[in-house]
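Below you'll find the structure, written out as structure tokens, and then a few comments.
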């Protein structure tokens, strides 16, 4: 039997995996001639493709930014509020304020089964998309072949990750006031900063640096999604530099 693991630690695991799927391809794609070798397009390139094909989707990234910022300002997570669950999620159901439940153990086996099941569904739909829409190649003028970005695989991969990591926990929280077995991303970053900051003055400096880097990365990603291919968009709009 798996030992009981706190929600705080499950948050580290869940969000590390989710951010890994997002940031690792993005970082690799920044290396010249690497993006074409990736098995699926980055989430930013997929979003750019979706916005190019359907211009109405251009409002989605900005809407997410506004919702996130407004909710943090309107209902601060660190203040008692009947509209936040103990795990820090927003809810329409008013409830008596209760302390954070991040240190409460989670039934490890049951949650692990659900995580494995969710991962199996994500892998299954991604493989199905790859089978249904295999990679396509084009022949270059010099005779070499280049792989075209397989956006269908990216849609199913990132869409299913967004469903299990973000959409379902958010809907359950808003409608029923029910917490997931892991904290929100913002709460997880705060927990990480608090844990690192316990180790003296150096720990506080490292905690501050880690938080800034993580938040900066997420802000940069949202700008990248909204103004794709930011920051290279300046070279596209102004060829003369």
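Is it true that residue 152 is free of Cβ contacts under 8 Å to residues at least 24 places away in the same chain, closer than 21 Å to residue 21 by Cα and surrounded by 15 or more Cβ atoms within 10 Å (Cβ to Cβ)?
Spelling it out, residue 152 is indeed free of Cβ contacts under 8 Å to residues at least 24 places away in the same chain, closer than 21 Å to residue 21 by Cα and surrounded by 15 or more Cβ atoms within 10 Å (Cβ to Cβ).
Quick one: is residue 225 surrounded by 18 or more Cβ atoms within 10 Å (Cβ to Cβ) and modelled with pLDDT under 85?
Against the criterion (surrounded by 18 or more Cβ atoms within 10 Å (Cβ to Cβ) and modelled with pLDDT under 85), residue 225 qualifies.
What is the number of the single condition among (1) out of contact with any strand residue (DSSP E or B) (no Cβ under 7 Å at 6 or more places or on another chain); (2) touching a residue at least 12 places away in the same chain (Cβ under 8 Å); (3) not in a loop (DSSP other than H, G, I, E, B) that residue 116 does not meet?
(2)
State whether the residues of the range 62-83 include one that is surrounded by 16 or more Cβ atoms within 10 Å (Cβ to Cβ), out of contact with any helix residue (DSSP H, G or I) (no Cβ under 8 Å at 6 or more places or on another chain) and closer than 30 Å to residue 4 by Cβ.
Among the residues of the range 62-83, at least one is surrounded by 16 or more Cβ atoms within 10 Å (Cβ to Cβ), out of contact with any helix residue (DSSP H, G or I) (no Cβ under 8 Å at 6 or more places or on another chain) and closer than 30 Å to residue 4 by Cβ, which makes the answer yes.
Please go through the range 12-37 and pick out each residue that is at pLDDT below 85 and more than 16 Å from residue 157 (Cβ to Cβ).
Listed by number, the residues that qualify are 30, 31, 32, 33, 34, 36, 37.
For the structure I just gave you, tell me whether residue 141 is on the phi < 0 side of the Ramachandran plot, part of a loop (DSSP other than H, G, I, E, B) and loosely packed, with under 12 Cβ neighbours inside 10 Å.
yes
Take residue 188 and decide whether it is in contact (Cβ under 8 Å) with a residue 60 or more places away in the chain, in a helix (DSSP H, G or I) and in contact with a strand residue (DSSP E or B) (Cβ under 9 Å, 6 or more places away or on another chain).
Numbers: in contact (Cβ under 8 Å) with a residue 60 or more places away in the chain: yes; in a helix (DSSP H, G or I): yes; in contact with a strand residue (DSSP E or B) (Cβ under 9 Å, 6 or more places away or on another chain): no.
No.
Just to be sure before I move on: is residue 220 on the phi < 0 side of the Ramachandran plot, surrounded by fewer than 16 Cβ atoms within 10 Å (Cβ to Cβ) and part of a helix (DSSP H, G or I) in the structure I sent?
Judged against the criteria, residue 220 is a match.
The values are calculated or read from the model by the stated rules, or taken from the named source; none is laboratory data. Please read all numbers here as calculations on a predicted model, not as lab measurements. Positions of Cβ are backbone-derived with ideal geometry, glycine not excepted, and every protein chain shown enters the neighbour counts.
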